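For reference, the structure discussed in these notes is given below.
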Amino acid sequence: MFRVHQRFDATPPVDVATSVAAGFPVIHGRLKPGMRVAVGVGSRGISNLSKVVAAVIGELKSAGTAPFIIPAMGSHGGATPEGQAGLLADYGVTEASMGVPVRASMEVKSLGQADDGQDVPWSCEALAADGVVVINRIKPHTDFAGPMGSGLTKMLVVGLGKHAGASAYHAAALKLGYEAALTRLAKVVFERAPVLGGVAIVENAMHDSARVEVLAADVISQRELELCAEAATMMPALPFDEIDLLIVDQIGKNISGTGMDTNTIGRSVHGYHLMPEHAAAKPFIWRIFVRGLTPETHGNAIGIGLAEATTRRLVAEVDAAALRTNVLTSRAVQCAKLPMDFETDAEAILAMLASLPDSDPAKARVVRIRDTLSLGTLEVSAALDAEVAAHPAVEPLGQVEPMQFDESGNLAELAL
């Protein structure tokens with residue numbers, strides 16, 4: 001193996017507080033002193049999230065309103081108030097740090113029915129507020145390909161729908177399609193809920209903030225499409241079309257809604273093909289070995305079903321209740337299946353290499369990453385040397401050396 005660096009296009013640095021302040025006039029006009037304003041915050045690991053939340057709280061306070069925070073994350077955190085508040089705390093969003101209450105109730109009320117008669121549940125806390133502002137990253141979705149992607153609309157429908165709303169949406173998506181269901185339910189939310197607007201965050205390939213933009217409620221639907229298209233151009237990608245074994249050090253909800261981003265690994269949450277000619281997306285990866293979970297995922301191992309191998313230590317960390325709640329709500333049950341588990345990394349890697357069409361380790365195209373958000377520094381096998389040399393954005397950082405294991409048979413930490 002040898003380390004390589006993948007270059008991505010840089011974006012100008014973003015001053016979060018300045019961006020929020022400059023954009024907030026589109027919301028200020030609807031604020032009145034004394035209004036109770038709910039700020040919806042989700043469960044993703046977004047760069048500078050706590051800074052964005054703090055800036056929004058500051059603007060709302062300066063307008064004389066009484067802001068408070070609502071976890072807007074559907075069924076995540078085990079679908080409990082304590083679990084969802086705990087996820088926010090992992091990102092530095094607490095009552096103490098933000099100076100406002102965190103109201104994590106899972107109770108919902110109906111906003112009414114969509115055109116087909118489907119009920120649209122929504123957070124009681126959000127409905128009791130005089131106004132709602134949501135904060136989320138906008139990027140291509142992991143479950144469907146479409147111009148809307150994941151962002152403010154999804155947070156309004158699924159996140160603030162809490163467990164009941166998330167379940168209702170995903171059930172409708174299986175029949176109507178993800179984007180059609182989201183659009184239909186969002187129409188009810190925008191018409192009947194006190195939505196003031198949202199703060200859209202776009203990240204570059206290095207997982208840094210590339211844009212922070214404040215949107216009024218009436219422009220979210222259109223502007224979100226443009227921002228999602230922009231985000232798609234900055235998504236990090238693996239630099240090879242075919243990989244024999246991908247080693248992923250960690251997966252988790254803070255990395256992706258599916259633990260590891262399906263756009264990165266080329267696999268669908270509802271099943272995938274293990275023959276190159278049948279694969280719908282690139283890269284085509286023969287085998288995936290996931291080594292562990294992030295601490296921030298709190299045992300929710302969603303996405304582990306997209307791998308062929310894992311470790312017994314990962315299995316021991318799984319919170320089965322949290323995992324089941326998430327996948328049953330999202331209907332992505334494939335993501336909860338446990339792959340083969342091995343005592344050590346060495347055993348897992350040897351087994352995966354032996355299972356390839358050509359089991360000669362010297363020919364194996366192996367790539368190791370920390371997670372699907374961190375694709376700037378990788379480890380690759382000697383069999384990829386020619387592809388590295390030919391790739392204009394990839395450069396070697398060192399010499400080829402044997403894969404390094406500790407005395408327990410596990411890989412040494414990946415140096416980034």
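The values are calculated or read from the model by the stated rules, or taken from the named source; none is laboratory data. Just so you know, these numbers come straight off a predicted model, no measurement behind them. Note: ideal-geometry Cβ built from the backbone for every residue, glycine included; neighbour counts use all protein chains shown.
Residue-wise test of (1) at positive phi; (2) in the same structural domain as Leu225 (by TED's automatic domain parsing); (3) not in a helix (DSSP H, G or I).
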position: Val133; (1), (2), (3): no, yes, yes
position: Pro147; (1), (2), (3): no, yes, yes
position: Val158; (1), (2), (3): no, yes, no
position: Leu174; (1), (2), (3): no, yes, no
position: Leu182; (1), (2), (3): no, yes, no
position: Glu191; (1), (2), (3): no, yes, no
position: Gly197; (1), (2), (3): yes, yes, yes
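Among the residues of region 93-106, what is the count of those that are part of a loop (DSSP other than H, G, I, E, B) and surrounded by 14 or more Cβ atoms within 10 Å (Cβ to Cβ)? Quick ask: steps written out before the conclusion?
Step one: filter region 93-106 for residues part of a loop (DSSP other than H, G, I, E, B), giving 93-94, 99-101, 103-106.
Then drop every residue that is not surrounded by 14 or more Cβ atoms within 10 Å (Cβ to Cβ), which leaves 93-94, 100, 103-106.
So the count comes out to 7.
Take the residues of region 242-263 that are charged (D, E, K, R) and in contact with a strand residue (DSSP E or B) (Cβ under 7 Å, 6 or more places away or on another chain): which is nearest to Ser330 (Cα to Cα)? Talk me through it step by step, then tell me what you get.
Step one: of region 242-263, the residues charged (D, E, K, R) are 242, 244, 249, 253, 261.
In the following step, the residues that additionally are in contact with a strand residue (DSSP E or B) (Cβ under 7 Å, 6 or more places away or on another chain) were identified as 242, 244, 249.
On the way: Glu242: 29, Asp244: 30, Asp249: 25 Å.
The qualifying residue nearest to Ser330 (Cα to Cα) is Asp249.
Counting only residues that are within 29 Å of the chain's Cα centre (by Cα) and farther than 16 Å from Thr94 by Cβ, how many does region 59-71 have? Before the answer, list the steps.
Kept after step one, since they are within 29 Å of the chain's Cα centre (by Cα), are these residues of region 59-71: 59-60, 67-71.
Filter once more, so that each one left must be farther than 16 Å from Thr94 by Cβ: 59-60.
Result for region 59-71: 2.
Filter region 345-403 down to the residues that are aliphatic (A, V, I, L, M), farther than 18 Å from Ala307 by Cβ and surrounded by 15 or more Cβ atoms within 10 Å (Cβ to Cβ) and list them by number. Quick ask: steps written out before the conclusion?
At the first step, the residues of region 345-403 found to be aliphatic (A, V, I, L, M) are 346, 348-354, 356, 362, 364, 366-367, 369, 373, 375, 378, 380, 382-384, 386, 388-390, 393-394, 397, 400, 403.
Narrowing the set further to residues that are farther than 18 Å from Ala307 by Cβ leaves 362, 380, 382-384, 386, 388-390, 393-394, 397, 400, 403.
Once the filter is applied, which keeps residues that are aliphatic (A, V, I, L, M), farther than 18 Å from Ala307 by Cβ and surrounded by 15 or more Cβ atoms within 10 Å (Cβ to Cβ), region 345-403 yields Val380, Ala382, Ala383, Leu384, Val388, Val394, Met403.
Test Ile302 against the stated conditions and say whether it is under 24 Å from Phe240 (Cα atoms) and under 19 Å from the mean Cα position of the chain (by Cα).
Values: under 24 Å from Phe240 (Cα atoms): no; under 19 Å from the mean Cα position of the chain (by Cα): yes.
When the stated conditions are applied, Ile302 does not pass them.
Kindly indicate which of Val202, Val212 is closer than 16 Å to Ser19 by Cβ, buried (at least 23 other Cβ atoms within 10 Å of the Cβ) and either aliphatic (A, V, I, L, M) or more than 17 Å from the chain's Cα centre (by Cα) (or both). First the steps, then the outcome.
Details: Val202 fails: buried (at least 23 other Cβ atoms within 10 Å of the Cβ).
From the options Val202, Val212, the qualifying one is Val212.
Return the residue satisfying two criteria in turn: it lies in region 352-366 and is outside any loop (DSSP other than H, G, I, E, B) and more than 9 Å from Asp244 (Cβ to Cβ), and of such residues it is modelled with the highest pLDDT. Give the steps one after another, and end with the answer.
Going residue by residue through region 352-366, those that are outside any loop (DSSP other than H, G, I, E, B) are 352-354, 361-363, 366.
Among the residues that remain, those that are also more than 9 Å from Asp244 (Cβ to Cβ) are: 354, 361-362.
Numbers: Ala354: 96, Pro361: 91, Ala362: 92.
This residue is Ala354.
For the subset of region 154-199 comprising residues that are among the hydrophobic types (A, V, I, L, M, F, W, C) and within 18 Å of the chain's Cα centre (by Cα), which member is nearest to Val20 (Cα to Cα)? Give the derivation first.
First, pick out the residues of region 154-199 that are among the hydrophobic types (A, V, I, L, M, F, W, C): 155-158, 160, 164, 166, 168, 171-174, 176, 180-182, 185-186, 188-190, 193, 195-196, 199.
Remaining after also requiring within 18 Å of the chain's Cα centre (by Cα): 155-158, 160, 166, 182, 199.
Values: Met155: 19, Leu156: 20, Val157: 23, Val158: 24, Leu160: 22, Ala166: 28, Leu182: 27, Val199: 8 Å.
Selected residue: Val199.
Could you look through region 72-82, keep only residues that are more than 15 Å from the chain's Cα centre (by Cα) and within 13 Å of Val102 (Cβ to Cβ), and pick out the one that is surrounded by the fewest Cβ atoms within 10 Å (Cβ to Cβ)?
Of everything passing the filter in region 72-82, Glu82 is surrounded by the fewest Cβ atoms within 10 Å (Cβ to Cβ).
Where residues in region 107-117 are outside any loop (DSSP other than H, G, I, E, B) and on the phi < 0 side of the Ramachandran plot, which of them is surrounded by the most Cβ atoms within 10 Å (Cβ to Cβ)? Steps first, answer last, please.
From region 107-117, those outside any loop (DSSP other than H, G, I, E, B) are 108-113; that's our starting set.
Filter once more, keeping what is on the phi < 0 side of the Ramachandran plot: 108-111, 113.
Details: Val108: 22, Lys109: 13, Ser110: 14, Leu111: 20, Gln113: 11.
Filtering first and then ranking leaves Val108.
Kindly provide the set of residues from region 303-316 that are farther than 18 Å from Ser256 by Cβ and either touching a His at 6+ places or on another chain (Cβ under 7 Å) or not small (Gly, Ala, Ser) (or both), ordered by number.
Listed by number, the residues that qualify are Glu308, Thr311, Arg312, Arg313, Val315.
Confirm whether Gln118 is touching a residue at least 24 places away in the same chain (Cβ under 8 Å) and in contact with a strand residue (DSSP E or B) (Cβ under 6 Å, 6 or more places away or on another chain). So that I can check it myself, show each step before the final result.
Numbers: touching a residue at least 24 places away in the same chain (Cβ under 8 Å): yes; in contact with a strand residue (DSSP E or B) (Cβ under 6 Å, 6 or more places away or on another chain): no.
In short, no.
Scan (1) surrounded by fewer than 19 Cβ atoms within 10 Å (Cβ to Cβ); (2) in contact with a strand residue (DSSP E or B) (Cβ under 7 Å, 6 or more places away or on another chain); (3) at pLDDT 95 or above for the single condition Val41 breaks and write down its number.
(1)
Regarding Asp208, is this residue over 27 Å from Pro13 (Cβ atoms), in the same structural domain as Asn136 (by TED's automatic domain parsing), out of contact with any strand residue (DSSP E or B) (no Cβ under 7 Å at 6 or more places or on another chain) and acidic (Asp, Glu)? Explain how you work it out, then say what you get.
Numbers: over 27 Å from Pro13 (Cβ atoms): no; in the same structural domain as Asn136 (by TED's automatic domain parsing): yes; out of contact with any strand residue (DSSP E or B) (no Cβ under 7 Å at 6 or more places or on another chain): yes; acidic (Asp, Glu): yes.
Considered against the rule, which asks whether it is over 27 Å from Pro13 (Cβ atoms), in the same structural domain as Asn136 (by TED's automatic domain parsing), out of contact with any strand residue (DSSP E or B) (no Cβ under 7 Å at 6 or more places or on another chain) and acidic (Asp, Glu), Asp208 comes out as no.
Across region 67-84, what is the number of residues that are not hydroxyl-bearing (Ser, Thr, Tyr) and not in a helix (DSSP H, G or I)? Explain how you work it out, then say what you get.
We begin by selecting, within region 67-84, every residue not hydroxyl-bearing (Ser, Thr, Tyr); these are 67-74, 76-79, 81-84.
Among the residues that remain, those that are also not in a helix (DSSP H, G or I) are: 67-74, 76.
Selection size over region 67-84: 9.
Within the set of pairs 6 or more residues apart or between chains, which connect a residue that is crowded, with 20+ Cβ neighbours inside 10 Å inside region 177-196 to a residue that is in a helix (DSSP H, G or I) and charged (D, E, K, R) with Cβ atoms less than 9 Å apart?
What qualifies is Ala181/Lys175; Leu182/Lys154; Ala186/Lys154.
Find the residue count for region 329-344, including only residues that are part of a helix (DSSP H, G or I) and touching a Leu at 6+ places or on another chain (Cβ under 7 Å). Give the derivation first.
Of the residues in region 329-344, the ones part of a helix (DSSP H, G or I) are 329-330, 333-336.
Applying the additional criterion that residues be touching a Leu at 6+ places or on another chain (Cβ under 7 Å) yields 335-336.
Of the residues in region 329-344, 2 are part of a helix (DSSP H, G or I) and touching a Leu at 6+ places or on another chain (Cβ under 7 Å).
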